Every structure is written in C-alpha cells, then in structure tokens.
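Chemist: Before I ask anything, let me first share the structure, which is written out below as structure tokens.
The values are calculated or read from the model by the stated rules, or taken from the named source; none is laboratory data. Remember, it's a predicted structure, so these values are computed and weren't measured experimentally. Because the Cβ atoms are built from the backbone with ideal geometry, glycine has one as well, and the counts that use them run over all protein chains shown. Each accessible area value is taken on the protein alone, full model and side chains, heavy atoms only, with ligands, DNA and RNA left out. Shrake-Rupley method; radii C 1.70, N 1.55, O 1.52, S 1.80 Å.
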Amino acid sequence: MAPALTFPMVLLFTALLAATGFFLGRRRAMAADTSRKTPIHSRPIQHGWHVVLATVIPALVFSMLWAFSTGIFSNIYVESAIPDDLADVRLPQEQRELLTEPEIDIREGVLRTQFVASVKTLADAIDRHVEGGAATNADILGWQDDPAAAQAALQADGRLVSNTLTPGMLSVAQDLRRFEARLATIGPIVALLLALGGFFVSLRAVSGTFRARIAVERWIIGFLAFAASMSILVTIAILASITVPSLNFFREYGVFNFLFGLEWAPAGDVAGVPRGENGQYESELGFVPLIWGTLYIALVALLVAVPLGLLSAVYLSEFASKAFRSWAKPALEILAGVPTIVYGIFALITIGPFLQAVVGATIMPNTVSVMTAGTVMGMMLVPFVSSLSDDVINAVPQSLRDGSLGLGATQAETVTQVILPAALPGIVGAVVLAASRAIGETMIVVLAAGALSNVEGIEPNPFGAVVTVTTRIVAVLTGEGSGFDSIDVLAVFALAFTLFFITLGLNLLAQRIVAKYREQYD
C-alpha cells in the first residue's frame with residue numbers, strides 16, 4: 001500500500017513553505033527596522049534567506065540520509081526477522097553431523113546471506129505486482145499456503161523470482177513489506193516536521209538584533225560540509241557492500257589460493273559445500289590470469305594514450321596559436337564525452353578486423369584481443385592525459401620559460417630541458433590516474449578483449465584474447481551466476497574488493513605525486 005505522504009510531496013511543500021518564509025522573513029525584518037531608532041544588524045533579504053535555509057536544509061539533509069539508510073534498516077530487519085529454526089537457513093541434519101561447529105556456522109551464514117537477498121528480491125517483486133494491479137494485498141495473504149501459486153503468478157507478470165519460493169520466504173517477505181511501509185510513512189512525516197519547525201523557529205528569530213547574515217553563512221558552510229562528507233559516506237558504503245561477501249569467500253576458499261592461483265575455471269560449487277576430494281572446491285578461482293589481462297590491456301592503452309596525450313598537450317600549450325588552440329582543445333576533449341559502449345562497438349567492428357587483416361589470422365585468430373581493447377582504450381584516455389598534462393604544463397612559472405629563452409635556448413630546447421622536467425611530477429600523476437581509469441574500464445574490455453569463462457595461465461600474445469577482472473564481474477552478475485550461495489559468485493565480490501584497493505592505491509599515489517608538485521611550484 002502506497003503511503004499517503006511521500007518525500008516528493010514533502011519536498012514540494014517545503015519549497016513552497018521556504019518561498020513564503022522568504023517574503024515573510026524579509027517583511028518582518030523591514031518592520032523591525034522601521035520601529036527601531038538604530039539600524040538592524042542584518043539586511044532584510046538576509047533574514048529572508050535565513051528562513052529559507054532553516055526550512056529547507058534540515059528537511060533535505062534528513063531526506064537524503066533517510067534514503068541512504070533505508071536499505072541498511074531493511075537488511076537489519078530481515079536478519080532479525082529470520083526465525084532460528086527456519087529450514088531455509090539451516091543445513092540438513094545429515095550434513096550437520098559430518099561438520100564441526102565452526103564449519104556449520106560458516107555454511108549457515110552463507111545460507112542466511114542468500115536468504116536475505118532472496119527475500120528482498122521477493123518483497124520488491126510483490127510490491128510491483130500489487131502496484132501494477134495484478135493482485136491485491138488480500139490475494140497476497142492467500143499465497144502463504146501456496147508458494148507454487150505465488151511463484152507462478154509473479155513469473156507470469158514478468159517479475160524475476162529465480163529461487164523456489166518457500167512458506168518461510170513468503171512470511172519474512174511479508175514482514176519486510178510491512179516494515180518498509182512503516183519506514184515510507186515515518187520518513188516523510190519527520191521531514192515535514194523538520195521543515196515546519198525550521199520555518200517557525202527561524203521566523204520567530206527575526207528581530208533587529210538577530211545576526212541573520214552570520215546565521216546564513218553558517219547554514220551554507222554546514223550544508224557544504226555535509227555535501228563533502230557524502231563522498232566519504234558513499235565510499236564507506238561501497239566498501240561495506242563488498243567486504244562481507246569477500247571475507248566469506250576468503251574464509252572458504254583461502255586468500256593465498258585466490259591471489260596466487262593461475263587458473264580461473266568456475267565449476268558451480270555451492271559455498272560451504274565443497275564437491276571435490278579432500279574437502280576442496282572443484283572451482284579454480286585464481287586471480288593471476290584476470291589481473292594479468294587487466295594490466296596487459298592497461299599497459300597497451302597507456303602506450304597509446306601517454307605519447308599522444310602528452311605530445312598534444314605540449315603542442316597546444318607551447319606551440320599552437322591561440323586561434324588553433326581555441327577550437328582544437330575542445331575538439332580533442334569531445335572524445336572524453338563519448339560513451340564507453342560506443343568505443344567498445346568501434347573496437348569490435350572496426351579496429352579488431354583491421355588489426356586481424358594487418359597481422360593475419362594465424363597470429364590473431366579472433367578480432368577480440370589485447371591490442372584491440374588496448375588501442376581503443378588508449379584513444380579514450382588521450383583527452384584525459386592531454387587535459388591534465390596541459391594544466392600541469394601551463395602551471396609552470398613563466399619565469400622559467402623567459403630565463404631559458406633569455407639564455408639563448410630555442411623553444412624546443414626550453415620545452416624538453418626546462419618545462420617538461422619542471423612539470424614531470426604532475427605529468428606522472430596524470431599517467432597514474434589514467435592507469436587507474438584503464439584498470440577499472442568495463443564496456444570496452446567486455447566487447448573487445450574476450451569473454452572466456454575458463455582461463456589457464458597467462459596469455460603473452462598481444463593479439464590473443466584475455467579475460468579481465470571487470471569482464472568476469474559483469475559476466476557472473478548478469479548471467480552466469482547461479483545465486484549468492486555459489487562460491488563462483490562470492491569470488492566476484494573478492495575480485496571487486498581487490499580491484500577497489502588496487503585503484504585506490506593508484507589514486508592515492510597520483511594525489512601524493514601531484515601534492516608534491518604543488519608544494520614545489522605554488
């Protein structure tokens with residue numbers, strides 16, 4: 001059942017209330033000014049803006065935090081709503097008798113993780129089913145005794161319900177729907193109360209002695225601080241979402257086996273239930289062949305992007321006329337706005353066949369290869385490297401150029417012996433950032449590098465197909481995965497976890513290099 005009061009309605013009302021408060025606050029300040037013998041502290045318009053900010057900011061910040069936290073609250077609720085004796089999250093008795101208590105805890109923890117994901121998917125499917133008019137809430141209550149009918153009805157309506165539904169799953173999903181309905185009601189009400197409270201409190205504060213100008217500045221500074229902290233909160237949320245599945249995988253499969261394994265060959269093992277001999281998984285989930293393909297393509301991309309980007313930056317900043325630079329630089333940066341899927345299609349239908357025709361089908365049996373993906377990715381990175389390098393080169397003090405030219409050096413000698421050495425730390429930082437961008441690229445490598453499911457060892461041939469970390473993540477989570485109880489699916493969280501720290505390290509390295517450069521020349 002949809003709530004009578006929603007966040008869009010509250011935000012619209014808040015905007016109207018703030019507009020009204022602006023005029024009322026300014027009017028009251030003008031009235032206070034005429035009734036005083038001494039001028040009021042702040043201008044009437046500043047009192048009006050204080051009412052606006054006091055009305056809007058608390059409600060807006062709360063709405064953003066509430067939207068961010070709702071998913072967390074839902075996960076916590078589902079975890080607490082699962083009965084301890086529910087068969088869906090417990091191993092069969094015959095399996096429990098063969099395992100130790102720590103092993104039982106690990107495997108039942110995996111079952112709970114899968115159950116939580118299935119319940120959330122089911123609750124969302126039921127909500128959409130009801131909203132679409134295909135059933136009523138009374139009909140949904142009747143599904144409790146007939147899970148097969150529920151699954152058939154949802155699938156007939158086009159709702160994705162991949163797991164076999166059970167009475168326990170339906171019961172917890174119904175509890176979750178009621179909990180989320182309460183959240184959807186409470187959140188807008190609190191936001192509305194904050195807006196009204198800010199409106200009346202700020203309006204009452206209008207007086208000749210109230211320092212509205214200072215209060216407005218504090219509201220703005222506080223909101224800017226909140227906006228800056230959101231990036232940190234998002235980073236923490238991203239890390240938290242992949243950490244728990246990754247730790248479960250490392251605990252099951254082994255960190256050493258993952259990081260130094262030379263073969264990637266998923267076999268569909270259920271997490272916590274190894275099917276191989278001696279308690280080992282049949283799946284081979286080594287990180288080495290995937291990171292090799294990722295770094296190999298990134299290297300080729302940098303070999304294309306760095307020379308072209310750096311040389312274009314040098315020409316545009318030191319040799320090109322102002323008229324040429326005024327249209328050439330924007331034209332070059334148009335490449336940065338091209339969607340990566342377009343680059344991937346270009347690589348697949350143009351660059352790949354061209355390279356195969358040049359080197360021959362014997363050396364390059366397929367149009368997808370390291371060179372295909374790396375070349376096009378390098379083209380994509382050219383404006384990135386060029387723009388950053390151009391900014392760094394222009395930041396070199398003009399006095400260094402004048403001194404070199406005054407001593408008799410040519411312009412080319414000034415560029416190679418003075419400007420580039422002075423700008424080198426910033427250029428290195430740009431290259432490292434480009435490398436981080438290349439390592440995390442997805443769509444180009446999905447279309448142009450290869451999509452092998454099984455990989456053994458490393459592929460040294462630059463005209464051969466490879467598999468990258470991002471390719472495997474996309475393939476498993478969009479089609480090949482068999483559910484969150486699969487060790488293969490948990491492995492892609494470990495891939496994302498590892499890739500996160502690799503790119504984070506590169507970004508921190510680039511920032512360190514650029515900071516060192518700025519300290520020297522600012």
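Chemist: Arranged from highest to lowest average of other beta-carbon atoms within 10 Å per residue, in what order do the peptides 371-378, 461-468 appear?
Modeler: 371-378, 461-468
Chemist: Ok, one more. What dipole magnitude, in Debye to the nearest 20, does the chain give about its Cα centre under +1 on Lys/Arg Cβ and -1 on Asp/Glu Cβ? Before the final figure, lay out each step's value.
Modeler: Working: 31 positive and 41 negative charges, 730 e Å.
The calculation lands at about 3500 debye.
Chemist: Please calculate the 1.4 Å probe accessible area of residue 207, with all protein chains present, and give it to the nearest 10 Å².
Modeler: So the heavy atoms of residue 207 present about 40 Å² to solvent.
Chemist: Using helices alone, what [θ] at 222 nm do you get for the chain, with -39,500 (n - 2.57) per DSSP H run of 4 or more residues, divided over all residues and rounded to the nearest 500?
Modeler: -23500 deg cm²/dmol
Chemist: So, one more: Would you list 474, 89, 255 from the most to the least accessible area, probe 1.4 Å?
Modeler: These residues rank, largest area first, as 255, 474, 89.
Chemist: Could I ask something else about it? Go through 327, 264, 49, 292 and list them by solvent-accessible area, largest first, probe radius 1.4 Å.
Modeler: Per-residue accessible area, sorted high to low, gives 327, 49, 292, 264.
Chemist: What is the diffusion coefficient of the stretch 191-268 in µm²/s, taking the Kirkwood radius over Cα pairs and the Stokes-Einstein relation at 37 °C with a viscosity of 0.692 mPa s? Could the numbers behind the result be given before it?
Modeler: On the way: Rh = 17.9 Å.
Roughly 184 µm²/s, to the nearest whole number.
Chemist: Could you sort 391, 84 by accessible area so the largest value comes first, with the probe set to 1.4 Å?
Modeler: 84, 391
Chemist: Mind checking the per residue accessible area of the stretch 297-338 for me, 1.4 Å probe, whole number of Å²?
Modeler: That works out to 55 Å² for each residue.
Chemist: Got a number for carbon plus sulfur as a percent of the chain's accessible area, 1.4 Å probe?
Modeler: 65 percent
Chemist: Tabulate in residue order the Karplus-calculated ³J(HN,Hα) for the stretch 397-405, using 6.51 cos²θ - 1.76 cosθ + 1.60 with θ = phi - 60°, rounded to whole Hz; enter x for Gly and Pro.
Modeler: Those phi angles translate into x, 4, 4, 5, 5, 4, x, 5, 5 Hz.
Chemist: Give me Rg over Rh for the chain, both radii from the alpha carbons and Rh done the Kirkwood way, two decimal places.
Modeler: 1.07
Chemist: Whole-Hz Karplus ³J(HN,Hα) for the stretch 511-516, in order, using 6.51 cos²θ - 1.76 cosθ + 1.60 and θ = phi - 60°, x for Gly and Pro?
Modeler: For the stretch 511-516, the Karplus-derived couplings read 5, 5, 5, 5, 4, 5 Hz, x marking Gly and Pro.
Chemist: How much of the pair distance distribution for the stretch 66-130 lies past 16 Å, counting alpha-carbon pairs only, in percent? Show your work: numbers first, answer last.
Modeler: Working: 1143 of 2080 pairs.
Summing the P(r) tail past 16 Å for the stretch 66-130 gives 55 percent.
Chemist: Net charge within 12 Å of residue 54 by Cβ-Cβ distance, Lys/Arg positive one each and Asp/Glu negative one each, not counting residue 54 itself?
Modeler: It works out to a net charge of +2.
Chemist: Same structure, new question: Determine the dipole magnitude for the stretch 373-488: charges of +1 sit on the beta-carbon of Lys and Arg, -1 on that of Asp and Glu, nothing else is charged, the reference point is the Cα centre, and the result goes in debye to the nearest 20.
Modeler: Charge dipole of the stretch 373-488: 280 debye, to the nearest 20.
Chemist: Residue-wise, which Karplus ³J(HN,Hα) couplings in Hz belong to the stretch 498-504, taking 6.51 cos²θ - 1.76 cosθ + 1.60, θ = phi - 60°, and x for glycine or proline?
Modeler: 5, 5, 4, 6, 5, 5, 4
Chemist: Taking amide H positions as placed in the peptide plane 1.01 Å from N, state which residues far from residue 285 in sequence (5 or more) or on other chains have amide H under 5 Å from it.
Modeler: For residue 285, whose amide H was placed from the backbone, the distant partners under 5 Å are 265.
Chemist: Ignoring solvent entirely, what values of log10 I(q)/I(0) come out of the Debye formula for the stretch 201-241 at 0.23, 0.25 Å⁻¹ when each Cα is a single scatterer?
Modeler: -0.76, -0.82
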